[in-house]
Amino acid sequence: MKQEKILVIGASGQIGVELTLALRKIYGAANVVASDLREQNALLEGTGPYVSMDVMNKEMLHVQVIRQNITQIYLLAAILSATGEKNPNLAWHLNMQGLLNVLDIAREEKLTKVYWPSSIAVFGPTSPRQMCPQKTIIEPTTVYGISKYAGEFWCNYYFMKFGVDVRSLRYPGLISYKSAPGGGTTDYAVEIYHEALKDGHYDCFLEKDTYLPMMYMPDAIRATIELMEAPSESIKTRTSYNLSGMSFSPEEIATEIKTHIPQFSISYQPDYRQAIANSWPQSIDDSVAREEWGWKPEYNLAGMTNDMLENLQTENR
Ligand code: NAD
Ligand code: SER
């Protein structure tokens, strides 16, 4: 079997750091090249090769793919929902052109696989709010959601037309303690743990009853690797798979944190991110992912809260 050599683009971000470390464990440190526009995340230092690279520079990306004998790309560079609403042109440009650059190079160099994440942000106010199915009305109202939905169809197009084996997941909001989140509407669910330990109080930018689909990072990393390792014939959805972990509101996560830190308090000052959150479903039906490649989440709110607080406390010691 051919030795795979993986390029992770956007490796210094919230998902990139943990995904790069997980891939290095499986494929060997030297076979996973981390890359990003910004400097290497401290957690990646000394763990394997790193190149500084802009995914928008197609020529440089192409040179790196050839020079490093890359066989697979994980493309994580993107502008997320909240930052995207502040700079729609940049979000559209990066989220679309970055993907098209990668898909073109994958086609030309006959890469074995490409991974590109979509998001629950593809859904809009006209989609079902509860247990939103894989196939339904999809009318996103954020530039981020529009770019993700268009991206899903580009992935499907490159698979159908050119045979590029590109796979994708519609991640829910991701919660993690290793690398900071990068400008999403669901970031409150990361900030709240840090603030609970630091100040014992969190001022939330969403209303207390705003339910959103969420997932703990270890589940997201496992889902990504399981999807990428599944046999090609099981991957029947070539746009992007719904993926579900848990669903909770700011009030519920605060209540869970209080079981560990009884003096913790929360206040609510909703800002422009409330409208983004209101446009998304509250929970997701991921039965297609479960049926086609065996997806099953492990963490619930209580398990995640235990793990987050334990790890953040250890880090702060
Ligand atoms: P992030 O913002 O934390 O990381 C993105 C990384 O891409 C950053 O390190 C950034 O420096 C890098 N980057 C930006 N522009 C670049 C460029 N031109 N060239 C190279 N690198 C560049 O984002 P994340 O949360 O890790 O998200 C990764 C992917 O997962 C994105 O596609 C995002 O839409 C998707 N996603 C994330 C979540 C979540 O909750 N984190 C949920 C759904 C989907
Ligand atoms: N967590 C992401 C965001 O809020 C969802 O894609 O933008």
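The values are calculated or read from the model by the stated rules, or taken from the named source; none is laboratory data. Please read all numbers here as calculations on a predicted model, not as lab measurements. We place every Cβ from the backbone using ideal geometry, glycine too, and count neighbours over all the protein chains shown. Please note that ligands, DNA and RNA were not included when accessible areas were found on the heavy atoms of the full protein model with its side chains. Shrake-Rupley method; radii C 1.70, N 1.55, O 1.52, S 1.80 Å.
With protein chains left intact and a 1.4 Å probe, residues in segment 1-103 average 45 Å² of accessible area per residue. A straight chain from Asn300 to Gln269 at 0.36 nm per residue would run longer than the Cα-Cα distance by 8.5 nm. Taking amide H positions as modeled 1.01 Å from N, with prolines and chain starts lacking one, the residues under 5 Å from Tyr171 and 5 or more places away or on another chain are Ser118, Ser119, Ile120. Here the alpha carbons of segment 1-131 define both size measures, Rg and Dmax, at 15.5, 47 Å.
Computed in the context of the full set of protein chains, the accessible area of the chain at 1.4 Å probe radius has 51% of its extent on carbon or sulfur. Of the candidates Tyr74, Tyr188, Tyr241, which one comes out as most mobile in a Gaussian network treatment of the chain with C-alpha springs shorter than 10 Å? Looking only at Tyr74, Tyr188, Tyr241, the largest GNM fluctuation is found for Tyr188.
Taking every alpha-carbon pair in segment 137-180 and binning the separations at 10 Å intervals from zero gives 23, 39, 29, 9 percent.
Can I get the semi-axes of the chain's equivalent ellipsoid? Compute them from the C-alpha gyration tensor as square roots of 5 times the eigenvalues, in angstrom, largest first.
31, 22, 18
The calculated FRET efficiency for Thr83 paired with Met131, based on their beta-carbon distance and R0 = 35 Å, is about 0.75. Over all projection directions, the Cα-based convex hull of segment 111-201 averages an area of 8.0 nm².
Ligands, DNA and RNA are left out, and with a 1.4 angstrom probe the accessible area of segment 159-317 is 41 Å² per residue. Scanning residues 5 or more positions from Lys5 or on other chains, those with amide H under 5 Å from its amide H are Thr71, Gln72, with H placed 1.01 Å from N in the peptide plane.
If the viscosity is 1.567 mPa s and the temperature 4 °C, what Stokes-Einstein diffusion coefficient in µm²/s follows for segment 207-291 when Rh is the Kirkwood radius over Cα pairs? The diffusion coefficient I find is 85 µm²/s. The three principal axes of the Cα atoms in segment 163-306 give end-to-end lengths of 53, 30, 24 Å, sorted in falling order. Each other residue within a Cβ distance under 14 Å of Leu103 adds +1 if Lys or Arg and -1 if Asp or Glu, for a net charge of +2.
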